[in-house]
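A.B. asks: One structure follows; several queries about it will come next.
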Amino acid sequence: MLRRTLLSLAFAAIAAAGPALNTGVDSIGITVSDLDRSVEFYSNVLHFEKVTEYEAAGDEFEHLKGVFGLRLRVARLRLGGEFIELTEYLTPKGAAIPADSRSHDRWFQHIAIIVTDMDRAYRWLRAHNIRHASPGPQRLPEWNRNAAGIQAFYFFDPDGHALEILSFPPDKGENWRQIASKKPSETLFLGIDHTAIVISNTEASLRFYRDLVGLKVAGESENYGPEQERLNNVFGARLRITALRAESGPGIEFLEYLAPQDGRPYPAGARANDLAHWQIRFSGANAEEAARAFRKSRTTFISTGAVSMPPGDVGFRKSVAVRDPDGHAVEVVQK
């Protein structure tokens, strides 16, 4: 209890001492086993567009990723105004996603892709033989005021990463309707609304993402019932959901399972080359300042500190990588 109080005071002091560490969500990163296969899937099935690709090795990347002897390939893809980065480690290969992973295990993370028509999107995914996570699209019930009418469906990419498609009813998602109105009528996939992460304690995660990193709370709800259970494929699921936003980029959504509470913690010794590795990358003004703030808050580091990157296609000059209170990877880059 004393340690938790001291950490809370440290977060509050850091938050009061200066501006937010981020200027927006740059991208969501995913470690994959076969970059070409993953680029084909995200491009052909989900209509992402590849923007850049590079191959890299060397000290700077080892110090940033915390993986010695690495050689990696990275592709940056765009859907609408949002970006993902797919990284294949040519060496060393990391661990596979546990075959018995569940949606309430704390290494769970996904991206939620907005679609213009849920029925048509589901038929399209079925035609491309995707693997189901949910038994089918679920429509959240009217009693749930904040989520009523939203339709959602979970499925997997070729490596077993969870993905979600999401559609809004007429009284929600106005910004996405405006985006859709400017697209050709046949457009199916619009962009990434948020990335969702399973957490153990909302207050602890708020101290990290809101008080330290500088996100703002955009909404909250408590979701339960048969539709939510089938969406997550977790019997008896009852979730406290908190949505946060930066100035730009997709949102961050906390999924705290009030029930069941047998979700497993992020694996000890997990590394960036493991296929369960996701990463939220924030753009920041100064990576050194971010590293100092993370140290003061006793954050667990992935990188050796703020790492200066060599010139080239990487897209930023300096970066620091850490883990949030539940083990999810977070990076702040200085461009």
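A.B. asks: Select from the range 71-92 the residues that are in contact with a strand residue (DSSP E or B) (Cβ under 8 Å, 6 or more places away or on another chain), more than 17 Å from ASP313 (Cα to Cα) and not hydroxyl-bearing (Ser, Thr, Tyr) and write down the one among them that is surrounded by the most Cβ atoms within 10 Å (Cβ to Cβ).
C.D. replies: Ranking the qualifying residues of the range 71-92, first place goes to GLU82.
A.B. asks: Which ones in the range 205-239 are of a type in the set (Gly, Ala, Ser) and in a helix (DSSP H, G or I)?
C.D. replies: Scanning the range 205-239 gives a single hit, SER205.
A.B. asks: So GLY214 passes all but one of these: (1) surrounded by 18 or more Cβ atoms within 10 Å (Cβ to Cβ); (2) more than 30 Å from ALA99 (Cα to Cα); (3) more than 22 Å from the chain's Cα centre (by Cα). Which condition number does it fail?
C.D. replies: So GLY214 meets the others, but not (3).
A.B. asks: OK, next. Applying the selection to the range 299-317, what residues are on the phi < 0 side of the Ramachandran plot and of a type outside the set (Ser, Thr, Tyr)?
C.D. replies: Within the range 299-317, PHE301, ILE302, ALA306, VAL307, MET309, PRO310, PRO311, ASP313, VAL314, PHE316, ARG317 qualify.
A.B. asks: Just checking, does the range 236-245 include any residue being buried (at least 20 other Cβ atoms within 10 Å of the Cβ), more than 23 Å from ASP26 (Cα to Cα) and free of Cβ contacts under 8 Å to residues at least 24 places away in the same chain?
C.D. replies: Yes.
A.B. asks: Right, here's the next one. What number of residues within the range 291-335 satisfy the criterion of being closer than 16 Å to GLY214 by Cα and in a loop (DSSP other than H, G, I, E, B)?
C.D. replies: The number of residues fulfilling the criteria is 4.
A.B. asks: Could you name every one of the strands (runs of 3 or more DSSP E) located completely within the range 104-194 that has at least 3 residues being in contact with a Ser or Thr (Cβ under 8 Å, 6 or more places away or on another chain) and surrounded by 15 or more Cβ atoms within 10 Å (Cβ to Cβ)?
C.D. replies: Passing ranges, in order: 109-115, 151-156.
A.B. asks: Checking ALA291 against (1) at pLDDT below 95; (2) surrounded by 19 or more Cβ atoms within 10 Å (Cβ to Cβ); (3) not aromatic (Phe, Trp, Tyr), only one condition comes out false. Which one?
C.D. replies: So ALA291 meets the others, but not (1).
The values are calculated or read from the model by the stated rules, or taken from the named source; none is laboratory data. All values derive from a computational prediction rather than experimental measurement. Here Cβ is always computed from backbone atoms with ideal geometry, including for glycine, and neighbour counts include all displayed protein chains.
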